[in-house]
Amino acid sequence: MNLLAFFFFIFGAIIGSFLNVVIYRMPRLMPLGLPRSRCTNCNKIVYWYENVPMISYLFLRGKCSNCKTGISIQYPLVEFVTGLFSLFLFFDWLEHQSFLIFIFKLAVFSIFLCIFMIDIKHKIIPDGLNIYLGLLFFIYSFLYLNWVDSLIGAGIGFGITFGVTWIFYKLKGQIGLGGGDIKLFTALGIFLGPLGIVYNITVSCAVGAIIGVALIALKIIKSNQHIPFGPFIILTSFVQVFFPQVFKLIFSY
Ligand SMILES: [Zn+2]
């Protein structure tokens, strides 16, 4: 049992190692498979033993073995977090007895984490991630949900956010939500359904506004600076997808 739990932690950490590749390469439009990873500073090839999740970072003391340039703490952190969540999902799997659900949840978590990191760093959400997420939710809906709810949910996710963005643009000439945000809401609507997506839009906008104002008040960002909205959508969705009871408890619906 303990050994099995440990295996799922390691399994998640290896997935996390791949997610680091996605987070680095996808916004740069680089292929996800080959070529092999290189140091971003001196271009030295990263050998397999320098690429063991978390261990290598400690072993290399967070520096490239050739040029000694610092390696971002993001790498071991993404591996650790994914390992931890895989472990959590393993116990969830024992409880619910469904391997399919385990795979589904780990895949959704992986896409959430990539969107979260990429949007913070590059202020974009790659179309590919929204498409994979939409496909996953579509399959899930086909197997377990009412497809009418999913269709209406996606329609609302797209309709409200596109409509508000359009009106905002007509009135002020500014683009509020990016296209990536609108596509993300559309994909989420498939899984969350009509009521869930309305909650998602409301809560992520509220949280985004509060944190945005707080960051300006604390002079961490300037008032005209654009902050990515994706991370707020992802945080809200994370609670809603993986801890729906908690979400329902907080917002009593
Ligand atoms: Zn280097």
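Test L84 against the stated conditions and say whether it is under 30 Å from F243 (Cα atoms), surrounded by 13 or more Cβ atoms within 10 Å (Cβ to Cβ), outside the structural domain of T236 (by TED's automatic domain parsing) and modelled with pLDDT of 90 or more. Taking the combined requirement at face value, the residue satisfies it.
Taking L177, is it at pLDDT 90 or above, closer than 19 Å to M117 by Cα and crowded, with 16+ Cβ neighbours inside 10 Å? No. Among the residues making up the range 37-59, those that are farther than 27 Å from F9 by Cβ and either polar (S, T, N, Q) or more than 15 Å from the ligand (Cβ to nearest atom) (or both) are T40, N41, N43.
Residues of the range 106-146 that are β-branched (V, I, T), outside any helix (DSSP H, G or I) and surrounded by fewer than 20 Cβ atoms within 10 Å (Cβ to Cβ): I124 alone. Looking for something among the aliphatic types (A, V, I, L, M), under 23 Å from S237 (Cβ atoms) and either assigned to a helix (DSSP H, G or I) or modelled with pLDDT under 90 (or both) - is there at least one such residue anywhere in the range 63-76? No, the conditions are met nowhere in the range 63-76. Comparison of G159, G83, G155, G62 shows that the only residue that is within 16 Å of the ligand (Cβ to nearest atom) and among the small types (G, A, S) is G62.
Across the range 215-237, the qualifying residues are those that are part of a helix (DSSP H, G or I) and either polar (S, T, N, Q) or modelled with pLDDT of 90 or more (or both), and the one among them that is surrounded by the fewest Cβ atoms within 10 Å (Cβ to Cβ) is L235.
Residues in the range 87-105 that are surrounded by 12 or more Cβ atoms within 10 Å (Cβ to Cβ) and among the charged types (D, E, K, R): D92, K105.
The values are calculated or read from the model by the stated rules, or taken from the named source; none is laboratory data. Here the structure is a predicted model, which means the values were calculated and not measured. So basically every Cβ, Gly included, is an ideal-geometry build from the backbone, and we count neighbours across all protein chains shown.
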